[in-house]
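Read the structure below first, then the notes.
The values are calculated or read from the model by the stated rules, or taken from the named source; none is laboratory data. Just so we're clear, the structure is a prediction, and the values are computed from it rather than from any experiment. Cβ atoms come from the backbone with ideal geometry, glycine included; neighbour counts cover every protein chain shown. Ligands, DNA and RNA are excluded from the accessible area calculation, which covers all protein heavy atoms including side chains. Shrake-Rupley method; radii C 1.70, N 1.55, O 1.52, S 1.80 Å.
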Amino acid sequence: MDINHWFEVEDPRGYGEEPWDFDEAERAFLSALRSRAAGWRGPWAPSNVSRPEDDSSLLVRVSLLDDRHSVILSQWAVHFYGTHVRAGKVCDQLFNLHEAPEHGFLQVSGTAEGLARKCVDWFETRLRRPAVRSDRRASAGPRAAR
């Protein structure tokens with residue numbers, strides 16, 4: 001799998017904003033994250049790197065899509081703060097996280113490389129789970145699709 005397919009940096013100029021200036025720790029985290037993700041065995045999922053609206057962290061996210069129905073089934077994000085990360089299921093369009101253990105919330109400290117290793121493992125655990133989409137139809141009742 002090509003290393004460049006995971007965690008591509010979003011270009012903020014497309015939104016009329018200045019390019020991001022990543023610091024040394026952010027570049028090290030991103031490099032380690034992309035390198036480790038290149039070994040993932042599962043199917044590719046859309047992912048990217050950006051900043052949240054308040055520019056408080058490096059934001060890395062992965063989306064699980066149902067392409068056939070143009071639906072986002074789930075999104076997970078990691079907020080990298082230099083010496084610690086907060087990771088979890090995305091709960092809104094600002095990429096805030098569900099902070100409950102049942103949603104897989106993770107908060108750890110360490111080096112950029114160590115945090116990248118933990119985050120890659122955390123993302124991969126989510127991507128390896130089976131996905132079930134349930135639709136409710138008025139006349140046919142519930143329908144599950146895998």
Rh_Kirkwood(the chain) over Cα pairs, Å, one decimal, evaluates to 16.3 Å
Only Cα pairs under 8 Å and at least 6 apart count here; give the relative contact order of segment 48-96 as a rounded whole percent. 28 percent
Let me check against my output: what whole-number percent is the relative contact order of the chain, with C-alpha pairs under 8 Å and at least 6 apart? 18 percent
Expressed as a percent, the accessible surface of the chain that is carbon or sulfur, using a 1.4 Å probe and the full set of protein chains, is 47 percent
Just the ratio, please: alpha-carbon radius of gyration of segment 65-104 over 2.2 N^0.38 Å, N its number of residues. 1.35
If the only charges are +1 at each Lys and Arg Cβ and -1 at each Asp and Glu Cβ, what is the size of the charge dipole of segment 8-146 around the Cα centre, to the nearest 20 debye? 1160 debye
Tilt of helix 112-128 relative to the longest C-alpha principal axis of the chain, in degrees (0 to 90, nearest 10)? 10 degrees
